[in-house]
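Below: one structure, written as structure tokens.
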Amino acid sequence: MKLEQSFMDFMLHHQERHKRTYNFLVLLEAVQTAAKYIQYFYQTGSLKNLMGEAGITNVQGESVMEMDDIANGIVLHYLRRSNQVICAVTEEEADPIRLNEDGRYFFYYDPLDGSSNIKHNLPVGFMFAIAKRNLEGPEDHHLRKGSELRAAGIFLIPTGVFTLALADTGVFRFHLDETMTYVKPDNTERLVMPDDPKGWELSFNAGNRKTFSAKVQSWIDENESKYAFRYMGALAGDFHRLLSNGGMFLYPAIVNHPKPEKNRPKGKLRLLYEANVVAFIAREAGGLAVNEEGDDILEMKPESPHQRTALYVGSRLLVASIRDRLREKK
Ligand code: AHG
Ligand code: MN
Ligand code: MN
């Protein structure tokens, strides 16, 4: 009889090998439980009429879908019950949420990424990042740089694939099996983005193309024909493909919109729970992520919980190529 390695078994042995506490296990147990409940509500949502709008807007001024709300509540519930999180930052709440004063971790999350896919039942993601409190020394703060993260992950929903990056360890994939257990197929090891450009893909909202800076437009003009183009409309899903195929996802600053009030000079994606998540996973898979200035996303010092950033993430050489263009004077 063949028994699969469960995600928790994988984590237990990882923690023991590195002589770490079990607190992190308790937190990840809560996180995977939340992901399974989001999965359940998402799969059955159309039957229960849960895939529409909630009728409110969030702190970003975006209309909240009922599923955004449900997923946010599920995650918050299991985080709170875990007793491991001092403070959580979620896309759906204006202020960071204090959860447990003894908690050792900061938790950043987008409970449902890719909301425009909801009404089509297409893939969305639950994305998260985890930083650790400074237990000795001065009181630290939730606005941490991506380079200080200990882990980041994406649950693809309802696909049932979970990608987890652990600091200085690598990226691993788990799949939901028939018993609703995340398991690691035994033929898979660390995930590394392929060096060979043959399968690389480009991913960006092509409708925005003329609103990008001249530098970005010229880079796209010169390079796009070398690669296949894919865009799902959910960073979680688009980045998921890139991890195995290589290439680059970009959401540049919008600086040339015909209606200037629609410009987004700081980009669209949120640093703490979107850009940092994929940047951290990319780094652990051998890739790179930079912002509009060409600086490393993981070195950005956040100034507010919902800060936005432009994002270029993917295979190291390809991101380095656009980074060099972004850094050119003029
Ligand atoms: P969210 O659904 O959490 O608000 O995030 C949506 C984000 C991201 O997932 C996606 O890559 C991007 O918005 C798509 O934006 P466009 O519709 O502008 O392409
Ligand atoms: Mn999102
Ligand atoms: Mn979201």
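FYI, it's all coordinate maths here, none of it is from the lab. Computed from a prediction, not measured in an experiment: that's the story for all the values here. All Cβ positions, even for glycine, are placed from backbone atoms using ideal geometry, and neighbour counts span all protein chains on display.
Rounded to the nearest 20 debye, the dipole magnitude of segment 197-327 is 300 debye, with +1 charges on Lys and Arg beta carbons, -1 on Asp and Glu beta carbons, and the Cα centre as origin. Over the chain, the ratio between the Cα radius of gyration and 2.2 N^0.38 Å evaluates to 0.97.
Taking label positions 7 Å along the Cα-Cβ direction at both His257 and Gln217, the computed distance is 1.7 nm, reported to one decimal. Helix 23-44: angle to the longest alpha-carbon principal axis of the chain, degrees 0 to 90, nearest 10? It is inclined by approximately 70 degrees. Taking other C-beta atoms within 10 angstrom as a stand-in for reagent exposure, Val216, Val26 fall in the order Val26, Val216, fewest first. Among Leu243, Leu164, sorting on how many other beta-carbon atoms sit within 10 Å of each Cβ, with the fewest leading, yields Leu243, Leu164. The phi-based Karplus calculation (6.51 cos²θ - 1.76 cosθ + 1.60; θ = phi - 60°) puts the 3J(HN,Hα) values of segment 61-71 at x, 9, 6, 8, 8, 4, 5, 4, 5, 4, 4 Hz, whole numbers, x for Gly and Pro. Where both bridge residues fall in segment 197-327, DSSP classifies roughly 70% of the beta bridges as antiparallel.
Partner aspartates and glutamates whose Cα lies under 17 Å from the Cα of Lys329, excluding those fewer than 8 positions away in the same chain, are identified as Glu292, Glu293, Asp295. Computed over the Cα atoms of segment 1-144, pair by distinct pair, the Kirkwood hydrodynamic radius stands at 16.5 angstrom.
Antiparallel beta bridges, as assigned by DSSP with both residues in the chain, represent about 80 percent of the total such bridges. Placing +1 on the Cβ of every Lys and Arg and -1 on the Cβ of every Asp and Glu, with nothing else charged, gives segment 74-162 a dipole about its Cα centre of roughly 260 debye. Note on Lys210 and Lys119: the extension gain reaches 29.9 nm, defined as 0.36 nm multiplied by sequence separation minus the Cα-Cα distance. For Lys132, the residues whose modelled amide H falls within less than 5 Å of its own, excluding neighbours fewer than 5 places apart on the same chain, are Phe106, Arg150. Here the chain is assigned +1 on the Cβ of each Lys and Arg and -1 on the Cβ of each Asp and Glu. Its dipole about the Cα centre then comes out at about 620 debye. Spin-label pair Asn134-Lys329: with each label point 7 Å from Cα along the Cα-Cβ axis, the two points sit 3.8 nm from one another. To the nearest Å, what is the center-to-center distance of segment 230-293 and segment 83-97, using C-alpha atoms only? Using only Cα atoms, the two centres lie 23 Å from each other. Cross-link partners for Lys119 among the lysines, with Cα-Cα distance under 29 Å and sequence neighbours closer than 8 places in the same chain left out: Lys36, Lys48, Lys210, Lys259, Lys262, Lys266, Lys268.
Placing unit charges on the Cβ atoms of the charged side chains and taking the dipole of the chain about its Cα centre, the candidate lying farthest along the positive direction among Gly237, Val85, His18 is Gly237. For the chain, the longest principal axis of the C-alpha atoms and the axis of helix 316-327 are separated by about 50°. Can you check how the C-alpha radius of gyration of segment 86-244 compares to 2.2 N^0.38 Å, as a plain ratio? Against the compact-globule rule of thumb, the ratio is 1.22. Going toward the positive end of the dipole of the chain, with +1 on Lys and Arg Cβ and -1 on Asp and Glu Cβ, which of Gln39, Tyr108, Met193 do you reach last? Positive-most Cα among the choices belongs to Met193.
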